[in-house]
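K.L.:
Here's a structure for you.
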Amino acid sequence: MTTVLAPVAGTAVGLAAVPDPVFSQAMVGPGSAIDPERAPGQAVAPISGTIVKLHAHAYIVEGDDGRGVLVHLGIDTVQLKGEGFRLLAAEGDRVRAGQPVVFWNPAAVEEGGRSPICPVVALDAADGDVNGQVRGGVGAGDDLFEWS
Amino acid sequence: MAADVRAIIAGLGGVDNVIDIEPCITRLRTEVYDASKVDQAALRAAGVHGVMLAGNVVQVVVGPDADTIASDIEEIIG
């Protein structure tokens, strides 16, 4: 069992609330989503493992058991080409759950006309394998859901 | 199932129909000349998770190997 942590502080709202069908229809896996606090802050690793993909606006941490968790910082934020995001780790780095990965500002993303909501996805997990999703207020590094 | 790169190109209407292809962590954002040549059923059969078509922009959801798949496609289409 893997406990997946909230990568950012905010309100856990569930994947269905994400305005992007790739996430709301769980095309790449089940999970949750956080409507982040509108303040500059650090996005942290949701699990311990290796950063196998690191973009400014999204990253995947893969545990030693091969399970990957995707964190996407806002919707359509690939279009920002990294502007407003600062990397605090590098692709290939080993990280522990809760370790900072990217510094960003959800308020700036929203001012740019994009949703700052953050999907957190258990990649290629079966629907029934993700449960215990927390709803409501969370801090960065708090438990978000369980991947059995 | 890993997505089949050549089948994805065929599903997008072939090499000559693809204007641009950009990976975004879980998906390929592709721009095509003629959206009517995009075969969504063929793309799904190629092993992708989903397809979204808006105008002449096709988003092909391939999962976390999007970067690798995009560079494989770019090598083929040149």
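K.L.:
So which residues in the stretch A:62-75 are among the charged types (D, E, K, R) and surrounded by fewer than 17 Cβ atoms within 10 Å (Cβ to Cβ), if there are any at all? Spell out the reasoning first.
P.N.:
Step one: list which residues in the stretch A:62-75 are among the charged types (D, E, K, R), which gives A:62, A:64-65, A:67.
Of everything in the stretch A:62-75, those that are among the charged types (D, E, K, R) and surrounded by fewer than 17 Cβ atoms within 10 Å (Cβ to Cβ) turn out to be A:ASP64, A:ASP65.
K.L.:
Any idea which residue in the stretch A:116-148 is nearest to A:ARG86 (Cα to Cα), counting only those that are among the small types (Gly, Ala, Ser) and within 14 Å of the chain's Cα centre (by Cα)?
P.N.:
Only one residue tops the list, namely A:ALA140.
K.L.:
Please go through the stretch B:42-51 and give me each residue that is among the aliphatic types (A, V, I, L, M) and within 13 Å of chain A (Cβ to nearest Cβ), ordered by number.
P.N.:
Matches in the stretch B:42-51: B:LEU43, B:VAL48, B:VAL51.
K.L.:
Oh, and also: Is it true that A:ALA39 is open to solvent by less than 50 Å² (accessible area, probe 1.4 Å) and under 19 Å from A:ALA125 (Cα atoms)?
P.N.:
no
K.L.:
Scanning for something open to solvent by 20 Å² or more (accessible area, probe 1.4 Å) and within 13 Å of another protein chain (Cβ to nearest Cβ), does the stretch A:86-103 turn up at least one residue?
P.N.:
Taking the stretch A:86-103 first, the residues open to solvent by 20 Å² or more (accessible area, probe 1.4 Å) are A:86-88, A:90-94, A:96-100, A:103.
With the extra rule that they be within 13 Å of another protein chain (Cβ to nearest Cβ), the set shrinks to A:91.
For the stretch A:86-103, residues open to solvent by 20 Å² or more (accessible area, probe 1.4 Å) and within 13 Å of another protein chain (Cβ to nearest Cβ): present.
K.L.:
Just for the stretch A:105-148: of the residues that are hydrophobic (A, V, I, L, M, F, W, C) and part of a loop (DSSP other than H, G, I, E, B), which one is nearest to the other protein chains (Cβ to nearest Cβ)?
P.N.:
Among those residues, the one meeting the criterion is A:LEU123.
K.L.:
Take the stretch B:16-34 and flag every residue that is over 12 Å from the mean Cα position of the chain (by Cα) and more than 12 Å from chain A (Cβ to nearest Cβ).
P.N.:
Correct list: B:ASP16, B:TYR33, B:ASP34.
K.L.:
Still on this structure, I have one more. Identify, by number, the condition in (1) away from every other protein chain (no Cβ under 14 Å); (2) over 27 Å from A:GLY68 (Cα atoms) that B:ALA54 doesn't meet.
P.N.:
For B:ALA54, the exception is condition (1).
K.L.:
Answer yes or no: is there a residue in the stretch B:13-31 that is in contact (Cβ under 8 Å) with a residue 24 or more places away in the chain, of a type in the set (S, T, N, Q) and in contact with a Pro (Cβ under 9 Å, 6 or more places away or on another chain).
P.N.:
Checked against the condition, which is being in contact (Cβ under 8 Å) with a residue 24 or more places away in the chain, of a type in the set (S, T, N, Q) and in contact with a Pro (Cβ under 9 Å, 6 or more places away or on another chain), the stretch B:13-31 yields at least one hit.
The values are calculated or read from the model by the stated rules, or taken from the named source; none is laboratory data. Every value quoted in this text rests on a predicted model; they were computed, and no experiment measured them. For neighbour counting, all protein chains shown are included, and Cβ atoms are generated from backbone atoms with ideal geometry for every residue, glycine included. Note: areas computed on protein heavy atoms with side chains; ligands, DNA, RNA excluded. Shrake-Rupley method; radii C 1.70, N 1.55, O 1.52, S 1.80 Å.
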